[in-house]
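The values are calculated or read from the model by the stated rules, or taken from the named source; none is laboratory data. Just so it is clear, the model here is predicted, and its values are computed rather than measured. All Cβ positions, glycine included, derive from the backbone under ideal geometry; neighbour counts span all protein chains shown. Please note that ligands, DNA and RNA were not included when accessible areas were found on the heavy atoms of the full protein model with its side chains. Shrake-Rupley method; radii C 1.70, N 1.55, O 1.52, S 1.80 Å.
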Amino acid sequence: MPSSFQDLLIDSPAPHILRLTLNRPEARNALRVQLLAELAEALRQAEADDQMRCVVVTGGPKIFAAGADVREMADVATAAAVSEQRQASWRTVHDFSKPLVAAVNGYCLGGGNELAMLCDVIVAGDDAQFGQPEIKLGMIPGAGGTQRLTAALGKAKAMKFVLSGEFFGAAEALATGLVSEVVAADKVQARALELAGLIAAKSPLALRLAKEAVRHASEAKLAEGMLLERQAFNVLLTSDDRREGLAAFLEKRTPNFKGR
Ligand code: HXC
């Protein structure tokens, strides 16, 4: 891997296992365009590398990711200009054919939760907090959150969280099936690597087909919903409420939404 990665730490903690660590702690690992592009590039390289059989995605011991970068999104011109680039990076994550294990500590919000949900297995610490807080910014999830959260939690819970932006903890994430397992916060990395090791020891061909087949069960009808989500997201991109929501967050005040 090239050393030009800025927002991502890359290591191989065990044979056949690649670990990608989101590394913008000062911005709570907000998923700026650069970070997403690096994630996509690392996955493209892992895809082509026969030695790599399983990838662990993590944010480290304190936080997974606080979602899209609010500063970047606050500038409509930038947000619109980078939209296609962001989508391309998300597509690369979605299309990655090898197993992805998310190791989640702390906040896992917005685009961060969408990234976790794109992973095949999620190991969460008992300190993890999940949520889709976009509505608090006058926005909606834009990388599959409305679809995948609903698939995982069911309509009643997904509506509660998508409409209110309220966070929920690891126990609820486990009970609702959002995550694969919950362990003590300081055991997340070890357990994720243990599972990755079990996975990496299996036939790469069987893994790829197993992943594809399990995905099909939950994603066969997803494409239509994703399109609808994208259209709704784009409508909100130029709304006054979105501008107000993002500005209020950055100015640390309560937003005053007008419905425009
Ligand atoms: C940019 C962010 C950020 C974000 C936090 N920061 N989240 N910067 N984008 N998403 C920055 C803050 O501005 C602050 O910078 C620093 O990180 C620390 O944040 P605090 O709020 O002081 O930290 P803390 O009290 O620990 O609270 C953590 C938090 C909170 C609960 C995660 O920061 C938070 O609610 N963040 C926003 C979460 C959110 O709304 N996500 C959705 C984004 S929209 P300074 O400079 O003040 O130190 C989204 C859309 C997806 O994801 C669409 C995909 C296409």
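Data overview
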| item | result |
| --- | --- |
| Checking residue 253 against (1) part of a helix (DSSP H, G or I); (2) within 16 Å of the ligand (Cβ to nearest atom); (3) of a type outside the set (Phe, Trp, Tyr), the condition it does not meet | (1) |
| Qualifying residues in region 21-58 (those that are within 11 Å of the ligand (Cβ to nearest atom) and small (Gly, Ala, Ser)) - the one nearest to residue 122 (Cα to Cα) | 30 |
| Residue ID - most open to solvent (accessible area, probe 1.4 Å), chosen from residues in region 111-127 that are in a loop (DSSP other than H, G, I, E, B) and farther than 21 Å from residue 43 by Cα | 126 |
| Matching entry among 66, 14, 40, 27 (being open to solvent by less than 50 Å² (accessible area, probe 1.4 Å) and over 30 Å from residue 133 (Cα atoms)) | 14 |
| Of all residues making up region 60-84, the number that are within 11 Å of the ligand (Cβ to nearest atom) and modelled with pLDDT of 90 or more | 11 |
| Selected residue [open to solvent by less than 50 Å² (accessible area, probe 1.4 Å) and assigned to a loop (DSSP other than H, G, I, E, B)] from 193, 178 | 178 |
| Near pairs, Cβ below 7 angstrom, 6+ apart or cross-chain, from region 22-36 (over 13 Å from residue 87 (Cα atoms)) to any residue that is open to solvent by 10 Å² or more (accessible area, probe 1.4 Å) and of a type in the set (Asp, Glu) | 27/69; 30/69 |
| Filter result (in a helix (DSSP H, G or I), among the small types (Gly, Ala, Ser) and closer than 13 Å to residue 140 by Cα) within region 239-250 | 245 |
| Failed item, numbered, when residue 108 is tested on (1) closer than 20 Å to residue 222 by Cα; (2) more than 8 Å from the ligand (Cβ to nearest atom); (3) in contact with a strand residue (DSSP E or B) (Cβ under 9 Å, 6 or more places away or on another chain) | (1) |
| Test: residue in region 128-147 that is part of a loop (DSSP other than H, G, I, E, B), open to solvent by less than 20 Å² (accessible area, probe 1.4 Å), away from the ligand (no atom under 12 Å from the Cβ) and farther than 19 Å from residue 65 by Cα | no |
